[in-house]
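The values are calculated or read from the model by the stated rules, or taken from the named source; none is laboratory data. As the structure is a prediction and not an experimental result, all values here were calculated from the model. All Cβ positions, even for glycine, are placed from backbone atoms using ideal geometry, and neighbour counts span all protein chains on display. Note: areas computed on protein heavy atoms with side chains; ligands, DNA, RNA excluded. Shrake-Rupley method; radii C 1.70, N 1.55, O 1.52, S 1.80 Å.
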Amino acid sequence: MAAEEFKNDPDYIIYKPIIEKGRGAYILGIVLVSVFLWTMYMYGTQLIRGLGITGLNSRISWGFYIVNFVFFIGISHAGTLISAILRLSKAEWRRPITRMAEVTTAIVLAIGGLHPIIDLGRPDRMLNIFFYGRLQSPLLWDVTAITCYFTASTVYLYLPMIPDIARMRDMGVRPHWLYSFLSWGWRGTPHQKKTLDRALSILMVLVIPIAISVHTVISFIFSMTLQPGWHSTIFGPYFVVGAIFSGIAALLVVMIIFRKVFHLEGYLKEVHFRYLSTLLLIMSFLWFYFTFSEYLTGIYGSEPNEMRTILYKFTGDYWPFFWGMVLCNFVIPVVILSFKKLKTIKGIFIASMAVIVGMWLERLNIIVPSLTIPRLNYTPQFYAPSLVEWALFLAGLTAFALAFLLFSKFFPIISVWEIKEGREEVMSVKERIDGYQPDTDIKREEK
Amino acid sequence: MLNFHRDAGTPPYIFAMQILSISFIWVFVAGITWWIVRLIVLSVNLHDAPDLSFIISIVIIPIFFILAGVLTYVFMNLQRNRPEDIDNKEGENEADEKM
């Protein structure tokens, strides 16, 4: 019944994955759940046997788990920040991409936030933060900042979903109680629209500084120490730039996959990819500028401990990761995105995937080599992740895919009401653009 | 004074769940506030960077209150049935039917 009525909707294709649950989704779901269960079994072995089964050791106490923590939190900057900036600047092309961006944020924040608990070895030790926490520790700043960002992002994701959820409730989509509960009595009255507009205006202003502060605070867990390779004043903005960079890349990958799988070519047009990939290119240059500044100041200072760390990164055991990072974060995206011929959807996908890999390598390069070089007279230790660590990295990626799949089967992946609003507001947008233009002589005389 | 009551189309048990979720948000915010205040008291007692602790709490606590406030504001206003809105909506529906 609901399907019949929905088929008359011009935006039916967005609702289609919710109404018509194909066999493919179930198969993918089963595969993802199976992989996830296996990774949880591996986590179980870590719980029983302790952190000794990981590659971590007495000197390199932060490895894959913290790398993944910083990486996932960085990806989370895709959504809420970009969505809020685009909404605030009234960029009309934002409409089909904001929902995907916001979902990405909420999911990866939840995944990233769990990694420090995995790194603790014994998850019950997390309770120590509540009972014996000290606000002077940057680690505790992280806990508060991430909790705050997660709360804000979830609210910012949920509120613009209300009109779409209410539409599904009205069309009798199951589970009806869920849509009824989440729609909060929305009927689309002018008063309700005004309320939602007001709430979103507050949130989009609030979310931007929160997002920026979160990754700055994450950089503080490194830069507040006197560790060579970490103690840097530019780590805050450097981390924020890296986070936005990897976030845009992740958003582009998600958009390309959903466009292909759900046949959303009519919504996610080439212009969206062109705009976002230009932003990715700018961020690539910005990332290179920060990386260059970071290493140049270190090399120019020539402080022996700092130099040992830098040279170890350039030529030591981890040199493939360092130069791989430069290749993936700068060379590949700049080459692909600078030339119109290469800047196709396929090219953008390759560039974005390269940036995601490159940014993961960047997190690895920041964390591991700095710990490898001791300042006291110890022999350097090498860190190689064990199967458990790889499995839990896979757990993060699987959880991301699974959560996105689940979301797309219950809620529209594109904000339908915003698309409809965009169509209705074409005239007002034209007036707004006319308002930006310099006055002509006739208009001046009229005034 | 806000004229807050259940929307006619919302079943009572759903409305109860919605009230519960809003209450949970306030319990969550109150819990975080209590925790941070406790941390400040500890830093003051130990004379261990209390100024820093104050600065962090001054930023964090209001943000949580704003978020909970925004959610409550939206929830209460969506549940509000204003007569002029109902008339407008009915008018719109009639116009749609005529078309």
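Note on the stretch A:412-437: among residues that are open to solvent by less than 80 Å² (accessible area, probe 1.4 Å) and of a type in the set (D, E, K, R), the one that is farthest from A:PHE258 (Cα to Cα) is A:ASP434.
So in the stretch B:9-37, with the set limited to residues that are assigned to a helix (DSSP H, G or I) and of a type in the set (S, T, N, Q), which one is farthest from the other protein chains (Cβ to nearest Cβ)? Step by step, filter the stretch B:9-37, then rank; the result is B:SER23. From the list A:LEU86, A:LEU37, A:LEU47, the one residue that fits, being at pLDDT below 90 and more than 20 Å from A:PRO369 (Cα to Cα), is A:LEU86.
Name the one entry in A:ALA403, A:ALA351 that is part of a helix (DSSP H, G or I), under 23 Å from A:LEU268 (Cβ atoms) and in contact with a Leu (Cβ under 6 Å, 6 or more places away or on another chain).
Numbers: A:ALA403 fails: in contact with a Leu (Cβ under 6 Å, 6 or more places away or on another chain).
Testing whether each residue is part of a helix (DSSP H, G or I), under 23 Å from A:LEU268 (Cβ atoms) and in contact with a Leu (Cβ under 6 Å, 6 or more places away or on another chain) leaves just A:ALA351.
State yes or no: is A:TYR179 of a type in the set (Ser, Thr, Tyr), more than 16 Å from A:GLY113 (Cβ to Cβ) and modelled with pLDDT under 85? Spelling it out, it is not the case that A:TYR179 is of a type in the set (Ser, Thr, Tyr), more than 16 Å from A:GLY113 (Cβ to Cβ) and modelled with pLDDT under 85. Considered as a group, the residues in the stretch A:400-447 that are at pLDDT below 90 and hydrophobic (A, V, I, L, M, F, W, C) include one that is farthest from A:GLY79 (Cα to Cα), and that residue is A:ILE442.
If we keep just the residues of the stretch A:189-206 that are more than 7 Å from chain B (Cβ to nearest Cβ) and either among the aliphatic types (A, V, I, L, M) or open to solvent by less than 10 Å² (accessible area, probe 1.4 Å) (or both), which is nearest to A:SER153 (Cα to Cα)?
Checked the stretch A:189-206; the qualifying residue nearest to A:SER153 (Cα to Cα) is A:MET204.
Take the stretch A:55-76 and flag every residue that is aliphatic (A, V, I, L, M) and either in a helix (DSSP H, G or I) or in contact with a Gly (Cβ under 6 Å, 6 or more places away or on another chain) (or both). Of everything in the stretch A:55-76, those that are aliphatic (A, V, I, L, M) and either in a helix (DSSP H, G or I) or in contact with a Gly (Cβ under 6 Å, 6 or more places away or on another chain) (or both) turn out to be A:LEU56, A:ILE66, A:VAL67, A:VAL70, A:ILE73, A:ILE75. When the stretch A:155-169 is limited to residues that are open to solvent by less than 10 Å² (accessible area, probe 1.4 Å) and over 25 Å from the mean Cα position of the chain (by Cα), the one that is nearest to A:PRO10 (Cα to Cα) turns out to be A:MET168.
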